[in-house]
Amino acid sequence: MKYTELFSPHHLATLVDWLEEKGQLLLQIELPHSGGSGVCHTVQSLAELKVLIEGVTHPEIEIVIWKNMTQSAFESDELLPDLKWIYGHTDEVMYLAVLKNRNFSFSYSDHAARYEKAISDWFGHG
């Protein structure tokens with residue numbers, strides 16, 4: 001999946017405004033169900049942000065972009081706000097996610113050819 005497609009023009013406009021105001025943003029990328037912790041990057045441009053997000057190939061992602069958070073504050077023992085707080089503070093943080101409750105099909109695994117046309121049509125190859 002191209003996670004950059006999660007960003008609408010409205011998201012990008014907000015990020016441009018935040019970058020103009022702050023000069024940098026904290027990007028937090030979480031990979032649900034990967035068994036590992038997330039990573040943080042300080043970005044100073046949309047181009048940097050895009051490159052980092054394009055590099056993610058995991059089938060699930062949580063992207064949190066903090067307007068006023070620094071990497072040192074994030075890495076300290078301070079508790080980060082939960083999703084309820086995040087949803088209530090859109091002026092401070094942007095949250096985008098692709099989460100799934102199912103990532104595997106035994107039927108597809110055993111009989112991939114049966115689904116070839118549907119998959120090709122879905123991804124625009126047909």
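Structure notes:
- Summing Cβ point charges (Lys, Arg +1; Asp, Glu -1) relative to the Cα centre of the chain gives a dipole of roughly 500 debye.
- For LYS84, the lysines whose Cα falls under 21 Å of its own Cα, not counting residues fewer than eight places away in the same chain, are LYS67, LYS100.
- The 3J(HN,Hα) values that the Karplus relation (6.51, -1.76, 1.60; θ = phi - 60°) gives for region 95-112 are, in residue order, 10, 9, 8, 10, 10, 10, 9, 8, 10, 8, 10, 4, 4, 5, 4, 8, 9, 4 Hz. Gly and Pro appear as x.
- A straight chain from GLU62 to HIS41 at 0.36 nm per residue would run longer than the Cα-Cα distance by 6.2 nm.
- A 1.4 Å probe over all protein chains sorts VAL39, VAL98 by accessible area into VAL39, VAL98, starting with the largest.
- Short-range pairs are left out: with C-alpha atoms under 8 Å and at least six residues apart, the relative contact order of the chain is 23 percent.
- Computed from backbone phi with θ = phi - 60° and the Karplus coefficients 6.51, -1.76 and 1.60, the 3J(HN,Hα) list for region 43-54 is 10, 10, 7, 5, 4, 4, 4, 4, 4, 5, 6, 5 Hz; x is used for glycine and proline.
- Only protein atoms count toward the accessible area here, which uses a 1.4 Å probe; on the chain, the carbon and sulfur part of that area reaches 54 percent.
- Proximal charge balance of LYS2 [Cβ under 11 Å; K/R count +1, D/E count -1]: -1
- Of the chymotrypsin sites (Phe, Trp or Tyr not before Pro) in region 1-89, not one is in a loop by DSSP (not H, G, I, E or B) with at most 13 other beta carbons within 10 Å.
- Calculated from backbone phi, Karplus (6.51, -1.76, 1.60) coupling profile of region 25-30 in Hz, x at Gly/Pro: 9, 9, 9, 10, 10, 10
- In the full protein context, region 29-126 carries 71 Å² of accessible surface per residue, based on a 1.4 Å probe and ignoring ligands, DNA and RNA.
The values are calculated or read from the model by the stated rules, or taken from the named source; none is laboratory data. On a predicted model such as this, the values are computed, not experimentally measured, just so you know. Cβ sites come from the backbone with ideal geometry, for glycine too, and all protein chains shown count toward neighbours. Accessible surface areas use protein heavy atoms only, side chains included; no ligands, DNA or RNA. Shrake-Rupley method; radii C 1.70, N 1.55, O 1.52, S 1.80 Å.
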